[in-house]
Amino acid sequence: FSLTPRMQELQARTRQFIAEQVIPLENDPLQGAHRPEEALRAELVARARKAGLLTPHASTELGGLGLNHAEKAIVFEEAGYSPLGPVALNIHAPDEGNIHLLEAVATPAQKARWLQPMVEGRTRSCFAMTEPSPGAGSDPSMLQTTAVRDGDSYVINGRKWFITGAEGASFAIIMARLDDRATMFLADMNQPGIVLERMMDSLDACFTGGHGVLRFDNLRVSATDILGEPGQGFRYAQVRLAPARLTHCMRWLGQARRAHDLALDYARKREAFGKPLGQHQGVGFMLADNAMDLHGARLAIWHTAWVLDQGGKGNVESSMCKVMVSEAVWRVVDRCVQVLGGQGVTGESLVMRIFKDVRAFRIYDGPSEVHRHSLAGKLLAGKA
């Protein structure tokens, strides 16, 4: 369980960067009520680039640090200590997962056109899979968006919703049904046929570009812009999802740790009934439970990262980890609100903002109920 010298150096450097370069910008006016504005993202990215921490999960060939999963667990948790940290390091969703997917699947030409600018922090992307009812949600097999061959192109029609990062994204990875099989397409956002219908009013406020509703009206995509092989969309989604589930856990563990530190500091200083809050058993026990939840979540993340680094698919481990960590993080932040009392439910403390952000974590990348259903099926079939 010890950290390598490289991990220790990365941890210390990221922690210092977040403390000195990111946390002071948390109350910047460009941190809007629903998402960081693009100008704030550009400033944060410039600072991370100068610190040598930009897009650390990308390969060294592309200009990243080539982190393995265990190293990502260290760096991403430290970045997540501030809601703006993942934006600064260019490891926020959906770009982090899209970078991983494009590195694994895209052609050299596609990498040069779409991946390299994203790794450099010059562009953003979105991943267009989720649809309004009766389309694909927790069950991707319900995919309604269609792609039809027309000469050297494909014509895409459909509607997507809750598409993170949609506003301001340079391109989209679109999941569509081609000959009744899911296929991924790459498409620039600034072209006819892609309509950003509206932005959604969401509980969280940590994603640049927010969450939007997209419509594809006879969108024409070149056959050279299929991502990977036709009909392999669901398989590529798994290439993206197992690591992306885990990186969600890493980042939000950092936010939970920040909330715990704020509550702990408050419990040391705030007095009630003649002594500091933390010395009252009810508060002290909540802090102790927080420490145990954080510890358990971190161990689950580290183990899953190890499985992936050993070459395992990690589907079962990442699924279990996603449920365990999302629910542990929620318990931690909820207790922090309780410890802080009135401050915990107002903008006087960052904890309220963290509370709003982390609630969605139990839904993103598969609700807890879907993961439990999947795990139960594997257990009954003797496959877990």
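Could you tell me whether the range 257-273 includes any residue that is of a type in the set (Gly, Ala, Ser), out of contact with any Ser or Thr (no Cβ under 8 Å at 6 or more places or on another chain) and either modelled with pLDDT under 95 or open to solvent by 50 Å² or more (accessible area, probe 1.4 Å) (or both)?
Filtering the range 257-273 down to residues of a type in the set (Gly, Ala, Ser) leaves 259, 263, 267, 272.
Still in the list and also out of contact with any Ser or Thr (no Cβ under 8 Å at 6 or more places or on another chain): 259, 263, 267, 272.
Remaining after also requiring either modelled with pLDDT under 95 or open to solvent by 50 Å² or more (accessible area, probe 1.4 Å) (or both): none.
No, every residue in the range 257-273 fails to be of a type in the set (Gly, Ala, Ser), out of contact with any Ser or Thr (no Cβ under 8 Å at 6 or more places or on another chain) and either modelled with pLDDT under 95 or open to solvent by 50 Å² or more (accessible area, probe 1.4 Å) (or both).
Looking only at the range 101-122, which residues are farther than 24 Å from Pro230 by Cβ and either open to solvent by less than 50 Å² (accessible area, probe 1.4 Å) or in contact with a Cys (Cβ under 8 Å, 6 or more places away or on another chain) (or both)? Even if it seems obvious, please write down each step before you answer.
As a first pass, look at the range 101-122 and keep what is farther than 24 Å from Pro230 by Cβ: 116-117, 119-122.
Result: Gln116, Pro117, Val119, Gly121.
For Ser133, are the conditions met, namely being open to solvent by 70 Å² or more (accessible area, probe 1.4 Å), modelled with pLDDT of 95 or more and not charged (D, E, K, R)?
On the way: open to solvent by 70 Å² or more (accessible area, probe 1.4 Å): yes; modelled with pLDDT of 95 or more: yes; not charged (D, E, K, R): yes.
Yes.
Among the residues of the range 49-98, count how many are more than 26 Å from His260 (Cβ to Cβ) and in a helix (DSSP H, G or I).
8
Just to check your reading of the model, which residue among Ala176, Ala166 is crowded, with 22+ Cβ neighbours inside 10 Å, in a loop (DSSP other than H, G, I, E, B) and not acidic (Asp, Glu)? Give the derivation first.
Working: Ala176 fails: in a loop (DSSP other than H, G, I, E, B).
Of Ala176, Ala166, the one residue that is crowded, with 22+ Cβ neighbours inside 10 Å, in a loop (DSSP other than H, G, I, E, B) and not acidic (Asp, Glu) is Ala166.
Could you list, in sequence order, all residues of the range 216-256 that are surrounded by fewer than 20 Cβ atoms within 10 Å (Cβ to Cβ) and within 15 Å of Ser326 (Cα to Cα)?
None - no residue of the range 216-256 is surrounded by fewer than 20 Cβ atoms within 10 Å (Cβ to Cβ) and within 15 Å of Ser326 (Cα to Cα), so the list stays empty.
Check Gly311 against each of (1) closer than 21 Å to Val75 by Cα; (2) in a helix (DSSP H, G or I) and name the one condition it does not meet.
Only one criterion in (1) closer than 21 Å to Val75 by Cα; (2) in a helix (DSSP H, G or I) is unmet by Gly311, namely (2).
Is it fair to say Ile156 is of a type outside the set (Asp, Glu) and under 17 Å from the mean Cα position of the chain (by Cα)?
So Ile156 does not fit the description; no.
Out of the range 29-72, which residues are among the polar types (S, T, N, Q), within 22 Å of Lys111 (Cα to Cα) and open to solvent by less than 30 Å² (accessible area, probe 1.4 Å)?
Pass one, the range 29-72, residues among the polar types (S, T, N, Q): 31, 55, 59-60, 68.
Of the ones still in play, those that are also within 22 Å of Lys111 (Cα to Cα) are 55, 59-60, 68.
Of everything in the range 29-72, those that are among the polar types (S, T, N, Q), within 22 Å of Lys111 (Cα to Cα) and open to solvent by less than 30 Å² (accessible area, probe 1.4 Å) turn out to be Thr55, Ser59.
The values are calculated or read from the model by the stated rules, or taken from the named source; none is laboratory data. All values derive from a computational prediction rather than experimental measurement. Reconstructed Cβ throughout: ideal geometry from the backbone, glycine too, with neighbour counts over all protein chains shown. Calculation scope for accessible area: heavy atoms of the full protein, side chains included, ligands and nucleic acids excluded. Shrake-Rupley method; radii C 1.70, N 1.55, O 1.52, S 1.80 Å.
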